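Notes for the one structure printed next.
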Amino acid sequence: MLAVNAQLPTSCGGLDGDCLYIDTEGGCLPARMREIARGMKERFPDLIDNVLSKIHYLRIMNHMQLVALMYQLPDIIKEYPKTKLVIIDSIAFPFKLAVRPCLRDKLLRLIARTLKDIATDKKLAVVVTNQVIQDRGTKQLTPALGELWGDWCTNRMFLFRKRHAR
């Protein structure tokens, strides 16, 4: 939804630009994107043409590809100069397997610094999803990457289900 909304003019609550969608889980379904885009065209028929062509999709398979992408990100954004939103869905997934905690923390700091610098330099928004884990003792949900990642976030939002409702 954010990827499509980013294309709306600022007068309609959008960013009037393109979106770079970085998918680490393989959960970005083209059929769902088309459905959302169709819904937007119904609400804003004159405003959005070629909605899906303004969402630039990248599939990342592991933490090394994600780190490599951080070095390439400035050039990718130059290639799509109307980019106003970068989405990473999800930051935690590439780090689930076979990454030592000290290496993970170092790489996450690099990723966070890169995203923050790009957001500032290019005046664009960055939205990153993170997974949550349940503490075995307290049963409380906490961010999967711990407070290290949370310290880099300007704003945090916690989405959850309650009795089959979002």
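Side notes on the structure shown:
- Tally, over the stretch 120-145, of residues that are under 16 Å from Leu110 (Cα atoms) and at pLDDT below 80: 1
- Residues within the stretch 1-35 that are over 14 Å from the mean Cα position of the chain (by Cα) and more than 20 Å from Val126 (Cβ to Cβ), tallied: 9
- Evaluated against (1) out of contact with any strand residue (DSSP E or B) (no Cβ under 9 Å at 6 or more places or on another chain); (2) over 20 Å from Asp23 (Cβ atoms); (3) surrounded by 14 or more Cβ atoms within 10 Å (Cβ to Cβ), Pro101 falls short on exactly one condition, (3).
- Unique match (being within 28 Å of Leu145 (Cα to Cα) and modelled with pLDDT of 95 or more) among Leu97, Leu85: Leu85
- Counted residues, the stretch 26-56 - those being within 30 Å of Arg100 (Cα to Cα) and either modelled with pLDDT of 95 or more or surrounded by 15 or more Cβ atoms within 10 Å (Cβ to Cβ) (or both): 1
- Failed condition for Leu85, given (1) surrounded by fewer than 19 Cβ atoms within 10 Å (Cβ to Cβ); (2) out of contact with any Ser or Thr (no Cβ under 9 Å at 6 or more places or on another chain); (3) in contact (Cβ under 8 Å) with a residue 12 or more places away in the chain; (4) within 25 Å of Trp152 (Cα to Cα): (1)
- Some residue of the stretch 17-30 being in contact with a strand residue (DSSP E or B) (Cβ under 7 Å, 6 or more places away or on another chain) and among the aliphatic types (A, V, I, L, M): yes
- Wholly enclosed strands (runs of 3 or more DSSP E) of the stretch 59-157 bearing at least 1 residues under 15 Å from the mean Cα position of the chain (by Cα): 83-89, 125-128
The values are calculated or read from the model by the stated rules, or taken from the named source; none is laboratory data. Everything numeric in this text was worked out from a predicted model, so none of it was measured. Note that we place each Cβ from the backbone using ideal geometry, even for glycine, and neighbour counts take in every protein chain shown.
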